[in-house]
1. Would you jot down the residues in the range B:501-517 that end up with at least 20 Å² less accessible area in the complete protein assembly than in the chain alone, with a 1.4 Å probe?
2. Could you work out the local net charge near B:Lys584, counting Lys and Arg as +1, Asp and Glu as -1, over the other residues with Cβ closer than 14 Å to its Cβ?
3. Where does the charge balance sit around B:Val399 when Lys and Arg score +1, Asp and Glu -1, over other residues with C-beta under 13 Å from its C-beta?
4. Over chain A, what is the relative contact order in whole percent, taking alpha-carbon pairs under 8 Å and six or more residues apart?
5. For the range A:283-564, calculate the relative contact order in percent as a whole number, restricting contacts to Cα pairs under 8 Å that are 6 or more residues apart.
6. Given the peptides A:466-472, A:195-201, A:145-151, arrange them by the average over their residues of other C-beta atoms within 10 Å, most packed first.
7. Taking chain B as the reference, fit the longest principal axis to its C-alpha atoms, fit the long axis of helix B:473-483 to the helix C-alpha atoms, and give the angle between the two in degrees, 0 to 90, nearest 10.
8. Tell me, how many Å apart are the Cα centres for the range A:288-363 and for the range B:338-383?
Amino acid sequence: MTFVGWLQIAILFALVALSAPPLGAFMARVFQGERTFLHPVLLPIERTFYRVAGIDPAKGQDWRAYTIAMLLFSFIAFLVLYAMLRLQAVMPLNPAGLGPVSPDLAFNTAVSFVTNTNWQSYGGETTMSHLSQMAGLTVQNFVSAAVGIALALALTRAFAKSQSRDLGNFWVDVTRCVLYVLLPLSIVMALALVLLGVPQTLLAAAKVTTLEGAEQTLAMGPVASQLAIKQLGTNGGGFFNVNSAHPFENPNAWTNIIQTWAIIALPFALALTFGRMVGDKRQGLALAAVMAVLLSAATGAAYWAEAAGNPIVAASGIETAPGNMEGKEVRFSVASSALWAAATTGASNGSVNAMHASFTPLGGLVPLFMIQLGEVLPGGVGSGLYGIVIFAILTVFVAGLMVGRTPEYLGKKIGAKEMKLAVLAILILPVAILGFTAIAASLDVGRVGPVNAGPHGYAEILYAFSSAAGNNGSAFAGLTANTPFYNVLLGIAMLLGRFAYIIPMMAIAGAIAPKIKASPAAGTFPTHGGLFVGLVIGVIIIMGGLQFFPALALGPIVEHFMMHAGKTF
Amino acid sequence: MIAKAPKSASLSDAGMIARAARDAVVKLDPRTLARNPVIFVTEVVTIFVTIIALRDLFTGGPAWFSAQVAAWLWFTVLFATFAESVAEGRGKAQAAALRKTRTQTTAKRLPDPKNRSRVEKVGTGELQVGDHVLVETGDLIPSDGEIVEGLASVNESAITGESAPVIREAGGDRSAVTGGTQVISDWIVVRVTAAPGQTFIDRMIALVEGARRQKTPNEIALDVLLAGLTLIFVVAVVTIVGLASWSGAVVSVTTLVALFVTLIPTTIGGLLSAIGIAGMDRLVRFNVIATSGRAVEAAGDVDTLLLDKTGTITFGNRMADELIATGGATPRELAEAALLASLADQTPEGRSIVEFVTDKVGLSAPDMANRSVTFVPFTAQTRLSGSDVEDVRYRKGAVDSLLKIVTGAAPADFTDAVDRIARAGGTPLAVAKGDRLLGVVHLKDIVKPGIKDRFAALRAMGIKTVMITGDNRITAAAIAGEAGVDDFLAEATPEDKLNYIRKAQAGGQLVGMCGDGTNDAPALAQADVGIALQSGTQAAREAANMVDLDSSPTKLIEVVEIGKQMLMTRGALTTFSIANDLAKYFAIIPVLFIATYPELQALNVMGLNPDTAIISAVIFNALIIVALIPLALAGVTYRPLGAAALLRRNLLIYGLGGIVAPFIGIKVVDSLLALFV
């Protein structure tokens, strides 16, 4: 570990800390229907949308209507994307002449992008036409992110209002999110990336002659535009197979910093938006603090493990001074690879600038465990916020009992109904991750997937299902996932991780919204102080640890001890 | 300041323990256990392991290991049911004492309440609501009711424990009587207000026995969380089979069950109902009867407490507090005159003047034996009283009445004093000797000693106190300031009280109300927690959801504490239970995969013997339930600290303690086992 390494990490956190408050304030204004500097330009467009679609933007929806609208929207998006992938061979903008995507892969990919997971069982440049990338995947990168934010807004309003069933209007929230937040930010970021050397072209590839005189084909395409929303929308689906480790998708340290920032900036900002919308900025800061503390800890742990390197490699006489460099790009440091790994898994983004499977066992444990902690650190756009609010509800329940009061969060009493739904929601992750990994690890169709034997091969399966169920989308690499078995099972895991979580979450919003919002009394446990922050951190770690300790013991943990015992497979 | 509850049957009572142990076995019936999801699941998997142990016996499997695990799992379930039995057992002793009051089987029913000579003897069980009964000296009052005629002294020690008889009479605020109490003198006609089996004593018995105990809302929510955790551990443990199959490891089902049971929150699951029963029991020992556990729990949430001024905050009678001599009279002159004017006055005000002059001023009561004295009693017309001592007129009374009988205008310092007293919320009482005005007595509502501390304690708990009074604003403000309440409601009508409560509730606040009069009944019913005083009217008692048998208006402090304590005990033990899991993983996981991955022994931080590690964890898990029964029954100590301080304290003890304790406990058990194997 080096001073420069820590400095890189510190600079990134400082950038996020500086940009999140204005972003959060801006989003709060947009989503509460207040005017911003973008309104003169965008308001006419927004109004036109509503007129064409026949939507009354003033009309609120209760939790059922809101959820049904979201499900309908996502289902249609899935059908359209599936059809587009199956038919890409006969559609325009296919300069490389790629064939149709197979049914199981199309299912997996459509689910993956509609659920904001961006798990990629395919290599982008060799599978997807430009039309599929731009009109299919990139569109979903925008709207699936907007859906996540919209849902978080609905939950936020449940806590903000007293005795109301109105959670806002799904169509309005999605429209505003795309129009005022995601599009402007993406345009600015894409332009910046182009300036820094990321290609943006509709040509298929460039043929170049290398110094040795060999002919080489360099795949290209509209990279910058997809890259911006890939990070901002916590999507993570790369244009190229190796994602942001590719020199065109992440050419230098500057693009690396911008992208890392873009991965976590919006989820952090949304926590602050939450605070503003519920009428107490400190509440948002507390949630952001929980995210920041755990994300820093994970970054530190990954950096420490990677910098320590692999004793077996060291024993064979190979220089390991910078730490474990296997699977890392030399243009990025160990520190910025560790930071990216923690950020992309903490944020349910899933893009990578290094191969997580090549991390040391404990270094690889960090991104794996970050996903298993529930994708709330800071989580995906929107999904991170509603996820951490569920943890906050669980926390105030136990804390409320311990101070001898019926638990309440933000003035809303938490009762049996909310607990039932919260428990239902948190059950999804262990069922999808552990259940499906157990199935894959014990069936032959699953066991052929991993490249490696021993605990590492098992970790590849565990990581894949964690990534899918957590709607993260990053791959541990090493798993041959483009088989009907994995495509279908991972697709189901993604669906469960998204929708089986959202429905109870929205039901909680529906149960909370009509309750009286009590003004804080002296005996109420304050949910904005350090104690609460510490307690939520404890709940997140303990819940994650209790669920996944045995599973992790069989993978990275035992692998770590074996590495130190000099045992290989 | 906080009263200590009388001690109940002790845990060391051998007879009771034996009874509880017997009940614990009866409670193993899965149909009754199903109410408690965690322990029910434990019993199911225990039966499963028992079958495995039996199978192993015949197939030559590791029967000894399975049998040991099975035995300790049975103990785990038994200890949980035992905890509940112990909690119930304490209540049963009280219930038996209460039942004795129902031994009388006949009542004197009056077919015509106006005619006391015609009496029908009927069984008390036949009495219906609306029947009238005659109760005479020596009779037990057959049922709850309202006195419609007569006056009697009643011994209520059966329910209040207070042996001094109290007066109960028709009309007014002291007309309610309770079944099971005894008339000591005189007679009364009582209209029955409770259906058979629904009387106060019946409710009390049901309460202490825990027979009809309903789960409280927070208990249900906690049950959901515990069931959810159990489900999560089902997933976490069952999937181990599949996960381990990757490396070809075969894990023993018995070991997995052992891991499962030690992980699920058996500690809190086993003690949950004991905590609830013990909480209600504690309430009864504080002489409060609650209609439901829900009300007790709600008491722990009260944000605002409404208290009637008279009799609650103040003694209820105005008392002399100061003598102000005016118009050139000396203080001694005034004191003597006030004393003589009050000597024969038996009103509380009069007595307080005598007391004040003799105690504070230091005059002794003059010898009246040889003097001719005529007493002039107070009447509503004259609004003054006094005495004529050998032709000298001593009078005291309302200022305007006195001014009529004295000569000349009131001196300036007299009117000043009167104004000052009125501004301070007091009552000025003028005193005259002959036709000369001597000064003023300042009568004021005296705030009960110590009440300010009680309100401070409530404030520390986060509860706002509001005084309700019929007095004008000035008087109310003065007393409110002196008593240290946070707010007051002056010139309050029953509607005002109701509106005040509704407004607070609309803001999401939980309101507690303490009252005794019939005019308090609507407010008591509207309040989330209504406490009626046992001495109050039947209407108030029915509208309230708790009745305080001691008629102590600040009893709510204890009720709040008990409510909070119940929640805190549940929260603390839940935290403890979950925190325990860390050590259990470290004990069991290394052994679970020992054949495939001996490297995982690095996780065996406790240095347990692989042969006994699992059984040690199971034994610890079972014993901790027994070890915590006393805590479940006594409850976690409540201190009126802020919420954050309270949480920090409990987290330290039950969170951190919950992580550390099993590491030590399991190691100790394992070391002890090493002595035997």
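The values are calculated or read from the model by the stated rules, or taken from the named source; none is laboratory data. Keep in mind that this is a model prediction, so the values were computed, not measured. With ideal geometry, Cβ positions are generated from the backbone for all residues, glycine too; neighbour counts draw on all protein chains shown. When the accessible area is computed, the model is the full protein with side chains, heavy atoms only, and any ligands, DNA or RNA have been set aside. Shrake-Rupley method; radii C 1.70, N 1.55, O 1.52, S 1.80 Å.
1. Buried by 20 Å² or more upon assembly, which counts only protein chains, are B:Ala506, B:Gly507, B:Gly508, B:Gln509.
2. -1
3. Details: positive: B:Arg383, B:Arg395, B:Lys396, B:Lys404, B:Arg420; negative: B:Asp400, B:Asp416, B:Asp419.
Around B:Val399, the surrounding residues sum to +2.
4. 19 percent
5. 24 percent
6. Sorting A:466-472, A:195-201, A:145-151 by mean packing, highest first, produces A:466-472, A:145-151, A:195-201.
7. It works out to around 50 degrees.
8. 93 Å
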